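Colleague: Handing you a structure now.
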């Protein structure tokens, strides 16, 4: 599903990390997570910069890095969720206490215009619209995307977000080969 220019068919995945695991830092862990998408049949069409924010809901936990990727896949929503779970597991994610620090957290934010409870999967993500650490990155890559239930654009929802309001984009460091880290995945949509 997904056409490069059709925001109504867009599929968005949020990524987060506040436990670097075996990687040098959360940027490296997030980039490693993105690198696993293709093996699961998920192509990254566009991706945001990484945004840093206090951990939520417990600000005493390590700070988070978050971002959003627009993806293309032949998988249905449930198949995509299963693939994201396999990527999390391969990256060392262990499910324990709710909101505990994690090496990689992948959430399906929107799957086209699908809405409601789709056999246990609620679309769009029920709390994404209130979180700046999701809507800010999403607005970077698709400011005109409209929330299928609320009708607001990603840009408007980022301005209205009430959770994670300290979230800000961070500059990406240079990569070892010249360019910036993550250059294998585009930072903006293809035209």
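For every residue, the table says whether it meets (1) under 27 Å from residue 147 (Cα atoms); (2) in a loop (DSSP other than H, G, I, E, B); (3) in contact with a strand residue (DSSP E or B) (Cβ under 7 Å, 6 or more places away or on another chain).
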residue	(1), (2), (3)
15	yes, no, yes
19	no, yes, no
33	yes, no, yes
57	yes, yes, no
88	yes, no, yes
92	no, yes, no
106	yes, no, yes
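Colleague: Next question, about the same structure. Enumerate the pairs (first residue in region 145-174 and at positive phi and in contact (Cβ under 8 Å) with a residue 12 or more places away in the chain; second residue anywhere and surrounded by 13 or more Cβ atoms within 10 Å (Cβ to Cβ) and not in a strand (DSSP E or B)) with beta-carbon separation below 7 Å, excluding pairs fewer than 6 apart on the same chain, so at least 6 apart or on different chains.
Modeller: Close Cβ pairs (under 7 Å, with a partner that is surrounded by 13 or more Cβ atoms within 10 Å (Cβ to Cβ) and not in a strand (DSSP E or B)) amount to 164/56; 164/132; 164/133.
Colleague: Given the conditions (1) in contact with a helix residue (DSSP H, G or I) (Cβ under 6 Å, 6 or more places away or on another chain); (2) surrounded by fewer than 22 Cβ atoms within 10 Å (Cβ to Cβ), which single one is not true for residue 103?
Modeller: (2)
Colleague: Ok, one more. Given the structure, is residue 129 part of a strand (DSSP E or B) and either under 22 Å from residue 49 (Cα atoms) or in contact (Cβ under 8 Å) with a residue 40 or more places away in the chain (or both)? I'd like the intermediate steps shown before the answer.
Modeller: Numbers: part of a strand (DSSP E or B): no; either under 22 Å from residue 49 (Cα atoms) or in contact (Cβ under 8 Å) with a residue 40 or more places away in the chain (or both): yes.
So residue 129 does not fit the description; no.
Colleague: Looking at 110, 46, 29, can you tell me which residue is assigned to a strand (DSSP E or B) and buried (at least 22 other Cβ atoms within 10 Å of the Cβ)? I'd like the intermediate steps shown before the answer.
Modeller: Values: 46 fails: buried (at least 22 other Cβ atoms within 10 Å of the Cβ); 29 fails: assigned to a strand (DSSP E or B).
Checking each option against the conditions leaves just 110.
Colleague: Regarding region 114-122, can at least one residue be identified that is surrounded by fewer than 22 Cβ atoms within 10 Å (Cβ to Cβ), out of contact with any strand residue (DSSP E or B) (no Cβ under 6 Å at 6 or more places or on another chain) and closer than 21 Å to residue 18 by Cα?
Modeller: Checking region 114-122: not a single residue is surrounded by fewer than 22 Cβ atoms within 10 Å (Cβ to Cβ), out of contact with any strand residue (DSSP E or B) (no Cβ under 6 Å at 6 or more places or on another chain) and closer than 21 Å to residue 18 by Cα.
Each value in this text was obtained by applying a stated rule to the coordinates, not by laboratory testing. Here the structure is a predicted model, which means the values were calculated and not measured. Glycine also receives a Cβ, built like all others from the backbone with ideal geometry; neighbour counts cover every protein chain displayed.
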